């Protein structure tokens, strides 16, 4: 029996056998009710039942299935409703909304679990031979719609990579590790830790996502400020395509023409299957410190984290919440966490003395890791910069509170969905000089779009992932659903955020991929010739168009498609 | 009259109006004579005459020329022998050898100087319309054969970009600059300095190369340890292709599918013309320190620079010479430079006390730049690491000596070519654990290959451009020419170096591009499917195959082509 990580629950975030206890965040629901204008606690207590889902009749290509059956063990091939439903979508708002309403049009006809690169090659060969669609599947945590089938007519197979999870080699001296692509975050870090090293990649989805998924979507971990985005960590890659295996060499840098490694990174399953990669790793940090601060104004916070970049002392993680997101974080904190009721009252008086007005205050979380002496030095330097923006330290308690809940945020959406509230995120990156105009413009667009649907708007933002030239700007929004018009209402708001990014010269996403949700803005982002270039690579490596078809290729009216999708 | 940088002399390195004085390096020729086994000083004192060169009859497509004449000023279009010869080749060994022997088969039929992106678009449209080949030309400093025409039959135009040299915009806060691609290093840095910033890109060719050339070849500057390779600095790019303009957005990072920026970087003129880029820039460093050290053994030197990387305190530049390259550096130093005769004797006694045997000693140059306090701190930390490898400081004098001659090394080749000595370089990069095996293997291959041609071998190496996972390994070699068989002899040796890189799992080049000289090893480097991917992009963006045809596309027998090339 091959060990493999459990699937997430099909109706929400987290493993089926993992309970998320909202009572551990007692302030959250009262806060949400206030800001969203919810008056009642009276919601249908739904038990999500698999058998209420309308699964499309499976389209089975018998010769294809025969080929697979002749090479694979029975435990590698599944067509049960549950397997099909679990692989139907990622975890975007539309994904969950549809499944909860019994719609699973995106479900594959078959699920295959390869256990070796040979299995992947075999599957792709059979797929080309029989004109069967293949959608590579990692952890299924993507929230931009990278996973549902985009076309009917051809048989569609979800290729679940989680059994290809070996750490193949670690070169301690060079700090590189050769790793199979289906490995999940915790499994990978556990094996690396046994070797005294770390990849340093901790996206919010860490518990439920895979190396291959990270690479295929250009993921970013919370500590990208120190370790880089995933594209900065990939030293070499193996991509099995319908035309053969693309393989690059494990070298620090090269001048070997067009860097074909970058064709694999971000390919979102459209060219082939990433089976393994050699990654830059790092010694386990000697010391790790996470601290929280309150800064009186958002603008001052942006200046503070900017100054750290300029002075070459940026923390390994920085998260600057705007006032709305700060209030949300405060509401989300565990009971009796970073300050108890009494301490909080004392602290509030202290803030008054310091001139910090809570409604405008911003929570700034910063993590530091590395050698102990360097961490201590950097904390001192960063704090001296923060102080110039009148930051008030919340001490390590706020850091601990963040650490203990950092992977829990996605559960909020499920909790709110249960209560007929739509929430989603849109994130981008831009240069420092454009951060405040982009922030102001997008927040105002989000708020007015939500108001247009007649409900109370909630929108917040955090800045994270700092670079020499700019940072990521990450918006979260929520509102009461308009019964019967939930999808229209959602699209109306989501479109505003994405269009604002493009109008402000930013990009469609900093680390959530294109998928279906961002496809209408891809042409503006990479120019029509960029689209043509991607299409041409696709035709070259996947001439039969069996790999995740429809993605990265906007149609003539992508916005129309986007609205139509998954109703 | 448009200002433009002068062309280099066609028979060697440096501007025609710049004299290189070998008498400023009085120790050099005696050293070379000894190590190369040259007994006589009696060489033909040649005066290179343009009119001895056999220029192929120009192939002129009259309709194409007519189109250009109707849009361009007469000062933008040249067909004089001199212009054709200056644009025939780069500065590789074979390039210079051929021109000096009257061969200019690689010369274009026409030279065009665009002054705007409109001019570039116009030229490309006409080229496609008339089936005329376009070879983009920057500074002409490439030494891997990126510039000569690879085919006869079609008219061939060298598109010299040097008039597109404007700094279009500087965003001080975000540290980005939008720059036209034809600008030369010194011009760019001068304009940036006026804005208080720097690109931080100083390749050996700095004085004679352009931004567009750097990007098209994946160039590395001496201080890449701090500022990155050029591919790390490009934030956005504009590439004019026969199918239109590919344009990306100025954002720090994105998750917008396949990163099409990386199709432009390293494209070596095969997809289109890079007309401008937005680059990551940096504040001018407050402080800059360059110091020299002697380390008793090469292995200890590698360990020392490795340890700096691990301790996250790598200098902004590191250059560790092996014993042979150290001896060459000593011989090349200016008169009475870093230690005078008497001081040298004292120093030698000191080294004896320290246990440093000069024949095995290695020169280690290190530069540090940034904020003054950070530079001072880093120097201290690095020196404490170097001391553990028993390094002896040569002080700032050795650094000054390096700084004053750092752009002069390419002149050595001209001087030696005048004396019937062949010299060339081959460089690669590899992971730390592989540096010594690669070094030993390649040095031994180089020496024995040279010996096979019956002459005394000289080969040396330096390590530079350090990364978390490894470094660049840069070999220099030289030998007396076998009269009448110079090219065969050269190829015999060059092939050994390149093959050794591939056999040792390294890459064909760290920063010198593929061109014609490294093309036979491209398939091994990026895999056959990588070749196919590049070919497919080429067909998509340049279906008429007018952009620098033949490059990045190995034929069925590339080694045979390579041997045949340019005789």
Set A:411, A:386: member being more than 30 Å from residue B:378 (Cβ to Cβ), touching a residue at least 12 places away in the same chain (Cβ under 8 Å) and buried (at least 18 other Cβ atoms within 10 Å of the Cβ): A:411
As an exercise: evaluate residue B:450 against (1) farther than 30 Å from residue B:232 by Cβ; (2) outside any strand (DSSP E or B); (3) modelled with pLDDT of 95 or more; (4) within 21 Å of the chain's Cα centre (by Cα) and give the number of the one condition it does not meet. (4)
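To keep it simple, each residue is scored yes or no on (1) crowded, with 23+ Cβ neighbours inside 10 Å; (2) at pLDDT 95 or above; (3) within 7 Å of chain A (Cβ to nearest Cβ).
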| residue | (1), (2), (3) |
| --- | --- |
| B:508 | yes, yes, yes |
| B:527 | no, yes, yes |
| B:543 | no, yes, no |
| B:547 | yes, yes, no |
Can you tell me which residues in the range A:400-441 are within 14 Å of chain B (Cβ to nearest Cβ) and touching a strand residue (DSSP E or B) at 6+ places or on another chain (Cβ under 7 Å)? A:425, A:426, A:427, A:428, A:429, A:430, A:431, A:432, A:433, A:435, A:438
Looking at this structure, is residue B:500 within 12 Å of chain A (Cβ to nearest Cβ) and modelled with pLDDT of 95 or more? no
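Here's the yes/no breakdown for (1) touching a strand residue (DSSP E or B) at 6+ places or on another chain (Cβ under 7 Å); (2) buried (at least 23 other Cβ atoms within 10 Å of the Cβ); (3) under 24 Å from residue A:224 (Cα atoms):
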site	(1), (2), (3)
A:443	yes, no, no
A:454	no, no, no
A:462	yes, yes, yes
A:475	yes, yes, yes
A:482	no, no, no
A:491	no, no, no
A:503	no, no, no
Considering residues that are in a loop (DSSP other than H, G, I, E, B) and either out of contact with any helix residue (DSSP H, G or I) (no Cβ under 6 Å at 6 or more places or on another chain) or surrounded by fewer than 19 Cβ atoms within 10 Å (Cβ to Cβ) (or both), the number found within the range B:8-42 is 16
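Here is a yes/no grid of residues against (1) at pLDDT below 95; (2) under 17 Å from residue A:214 (Cα atoms):
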{"residue": "A:88", "(1), (2)": "no, no"}
{"residue": "A:108", "(1), (2)": "no, no"}
{"residue": "A:124", "(1), (2)": "no, no"}
{"residue": "A:138", "(1), (2)": "no, yes"}
{"residue": "A:144", "(1), (2)": "no, yes"}
{"residue": "A:153", "(1), (2)": "yes, no"}
{"residue": "A:178", "(1), (2)": "no, yes"}
{"residue": "A:189", "(1), (2)": "no, yes"}
{"residue": "A:193", "(1), (2)": "no, no"}
If I go through the range B:500-549 residue by residue, how many of them are part of a helix (DSSP H, G or I) and over 20 Å from residue B:565 (Cα atoms)? 22
When every residue in the range A:461-486 that is closer than 23 Å to residue A:34 by Cα, in contact (Cβ under 8 Å) with a residue 40 or more places away in the chain and in a loop (DSSP other than H, G, I, E, B) is compared, the one farthest from the other protein chains (Cβ to nearest Cβ) is A:483
When the range B:530-540 is examined, which residues are found to be buried (at least 23 other Cβ atoms within 10 Å of the Cβ) and within 7 Å of another protein chain (Cβ to nearest Cβ)? B:530, B:533, B:534, B:537
When you scan the range B:146-186, how many residues do you find that are part of a strand (DSSP E or B), under 26 Å from residue A:310 (Cα atoms) and either more than 14 Å from every other protein chain (Cβ to nearest Cβ) or in contact with a helix residue (DSSP H, G or I) (Cβ under 9 Å, 6 or more places away or on another chain) (or both)? 8
Assuming residue B:408 fulfils every condition listed in (1) under 17 Å from the mean Cα position of the chain (by Cα); (2) closer than 19 Å to residue B:35 by Cα apart from one, which condition is it? (2)
Within the range A:172-195, tally of residues that are surrounded by fewer than 21 Cβ atoms within 10 Å (Cβ to Cβ) and closer than 17 Å to residue B:433 by Cα: 4
Are there helices (runs of 4 or more DSSP H) fully within the range A:67-134 with at least 2 residues that are surrounded by 21 or more Cβ atoms within 10 Å (Cβ to Cβ) and free of Cβ contacts under 8 Å to residues at least 60 places away in the same chain? List them. A:117-130
List the strands (runs of 3 or more DSSP E) inside the range B:204-303, counting only whole elements, that have at least 2 residues being away from chain A (no Cβ under 12 Å) and surrounded by fewer than 24 Cβ atoms within 10 Å (Cβ to Cβ). B:287-295
Specify the residue that is surrounded by the most Cβ atoms within 10 Å (Cβ to Cβ); the eligible residues are those in the range B:369-380 that are touching a residue at least 40 places away in the same chain (Cβ under 8 Å) and facing another protein chain (nearest Cβ under 10 Å). B:370
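The values are calculated or read from the model by the stated rules, or taken from the named source; none is laboratory data. Predicted model only: the values in this text are computed from it and were never measured. Because the Cβ atoms are built from the backbone with ideal geometry, glycine has one as well, and the counts that use them run over all protein chains shown.
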